[in-house]
Amino acid sequence: MATIATHGPGSHRASWSGFLLKELAPAPDRLNATLRIVLTCVLVVVISMALEIPEMALSAYMVFFIHREDPVTTALTGVMGIIGISMAIALTIAAYLFTVDYSVLRVPLMACIFFAGMFFWRTSASVPAGFVLGWIVGFVFMSTQVMVDLFHSSEALVRAALWFWVAIAFPVVIMIAMNLLFLPADPERMLRRELSDRLRAIAAELMRLAQADRGSPSADLAGYAEAGSPRLFKLLKLAEIHRPALRRQHAQFDALVTLIERLTTATATFGAMTPAAQFPALVTRLKAIADDC
């Protein structure tokens with residue numbers, strides 16, 4: 001009965017409220033990221049209004065679409081996005097040769113291009129690259145094909161498609177520049193901070209196990225154990241791209257990430273075993289490991 005009660009509606013509401021409080025809590029670099037997004041959106045809107053660039057709302061949306069938590073990923077995503085936009089505009093202008101006078105061809109052609117983009121996304125070795133290239137090519141191609149009936153001449157249609165490229169591409173360039181120049185988030189600092197947070201969670205859990213009986217691990221430690229180390233290795237790779245001198249320390253960071261992942265997994269599962277309080281030597285050992293962390 002106790003087990004059933006812990007999974008009742010009240011427990012479910014408590015878990016959701018805890019999740020929301022954790023997600024909305026102040027986080028490192030959140031203020032900097034917010035300032036970058038706000039200033040970039042304001043700059044994009046001002047430029048669009050001053051130069052009368054069409055699709056201003058889409059330009060502002062691209063800021064949110066391209067922005068990532070570190071400048072390296074933002075730059076890579078932005079470059080891939082511009083390549084995808086250019087491919088889509090080139091495809092749609094070539095398709096105009098066949099679809100301007102034959103509207104019946106547009107829907108099957110849009111379906112084929114969108115299918116090819118989604119297929120590339122799902123089969124690409126790089127999921128972010130596949131998503132950006134596949135989704136943007138399909139989205140831009142469909143968006144420009146549905147504009148055919150809004151224009152009475154092919155010249156105006158092609159000019160509108162080229163302006164569509166400008167409306168999407170220039171916010172990406174501004175977003176990349178803002179992430180590299182204004183309050184940039186250093187991937188190495190983010191990696192060190194995440195490693196430190198995991199070590200602190202491990203130390204707190206080990207001290208709890210040394211002083212009390214067994215039980216479920218803390219929410220933070222359980223989250224780290226479930227997430228594993230892919231994000232840490234990604235941050236390490238981005239840090240080496242951002243700062244090539246770190247490549248000389250690759251083996252050291254690689255070993256450190258692997259060690260902390262094993263400590264996280266072992267500590268998260270240790271609470272389900274025999275209570276440590278029954279073994280004084282084990283309690284001493286746990287406290288020593290916690291101090292080392």
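Structure notes:
- Residue check, residue 143 more than 29 Å from residue 27 (Cα to Cα), among the small types (Gly, Ala, Ser) and open to solvent by 40 Å² or more (accessible area, probe 1.4 Å): no
- Among the residues of segment 167-176, those that are open to solvent by 10 Å² or more (accessible area, probe 1.4 Å) and closer than 15 Å to residue 51 by Cβ comprise 170, 173, 174.
- Residue list for segment 21-75, restricted to those being farther than 16 Å from residue 164 by Cβ, touching a helix residue (DSSP H, G or I) at 6+ places or on another chain (Cβ under 8 Å) and among the polar types (S, T, N, Q): 40, 73, 74
- Qualifying residues in segment 257-289 (those that are at pLDDT 85 or above, hydrophobic (A, V, I, L, M, F, W, C) and touching a helix residue (DSSP H, G or I) at 6+ places or on another chain (Cβ under 7 Å)) - the one farthest from residue 211 (Cα to Cα): 257
- Residue 223 being out of contact with any Ser or Thr (no Cβ under 7 Å at 6 or more places or on another chain), over 30 Å from residue 245 (Cβ atoms) and open to solvent by less than 40 Å² (accessible area, probe 1.4 Å): yes
- Residue that is nearest to residue 187 (Cα to Cα) [pool: residues in segment 19-33 that are open to solvent by 70 Å² or more (accessible area, probe 1.4 Å) and in a helix (DSSP H, G or I)]: 30
- Extreme residue, nearest to residue 42 (Cα to Cα), among residues of segment 70-107 that are open to solvent by 10 Å² or more (accessible area, probe 1.4 Å) and outside any helix (DSSP H, G or I): 100
- Any hit, segment 203-213, residues being part of a helix (DSSP H, G or I), touching a residue at least 24 places away in the same chain (Cβ under 8 Å), over 29 Å from residue 33 (Cβ atoms) and touching a Cys at 6+ places or on another chain (Cβ under 9 Å): yes
- Scanning segment 34-51 for residues that are open to solvent by 50 Å² or more (accessible area, probe 1.4 Å) and at pLDDT below 90 yields a count of 2.
- Taking the criterion of being touching a residue at least 24 places away in the same chain (Cβ under 8 Å), part of a helix (DSSP H, G or I), closer than 19 Å to residue 67 by Cα and open to solvent by 30 Å² or more (accessible area, probe 1.4 Å), the residues of segment 177-201 that qualify are 178, 180.
- Among the residues here, residue 204 does not qualify as within 22 Å of the chain's Cα centre (by Cα), of a type in the set (A, V, I, L, M, F, W, C) and open to solvent by 30 Å² or more (accessible area, probe 1.4 Å).
- Failed item in (1) touching an Asp or Glu at 6+ places or on another chain (Cβ under 9 Å); (2) within 28 Å of residue 34 (Cα to Cα), with residue 218 passing the rest: (2)
- Output for segment 33-71, where each listed residue is under 12 Å from the mean Cα position of the chain (by Cα) and among the aliphatic types (A, V, I, L, M): 66
- Residue match in segment 55-69 (condition: among the β-branched types (Val, Ile, Thr), open to solvent by 40 Å² or more (accessible area, probe 1.4 Å) and touching a Ser or Thr at 6+ places or on another chain (Cβ under 9 Å)): no
- Of all residues in segment 179-198, at least one satisfies being in contact with a helix residue (DSSP H, G or I) (Cβ under 6 Å, 6 or more places away or on another chain) and at positive phi.
- Pairs linking a residue in segment 218-229 that is of a type in the set (A, V, I, L, M, F, W, C) to a residue that is open to solvent by 30 Å² or more (accessible area, probe 1.4 Å), with Cβ atoms under 6 Å and 6 or more positions apart or on different chains, are 225/265.
The values are calculated or read from the model by the stated rules, or taken from the named source; none is laboratory data. A quick note: this is a predicted structure, and the numbers were derived from the prediction, not measured. Using ideal geometry, Cβ is built from the backbone for each residue, glycine included, and neighbour counts are taken over all protein chains shown. What goes into the accessible areas is simple: the full protein's heavy atoms, side chains included, and nothing from ligands, DNA or RNA. Shrake-Rupley method; radii C 1.70, N 1.55, O 1.52, S 1.80 Å.
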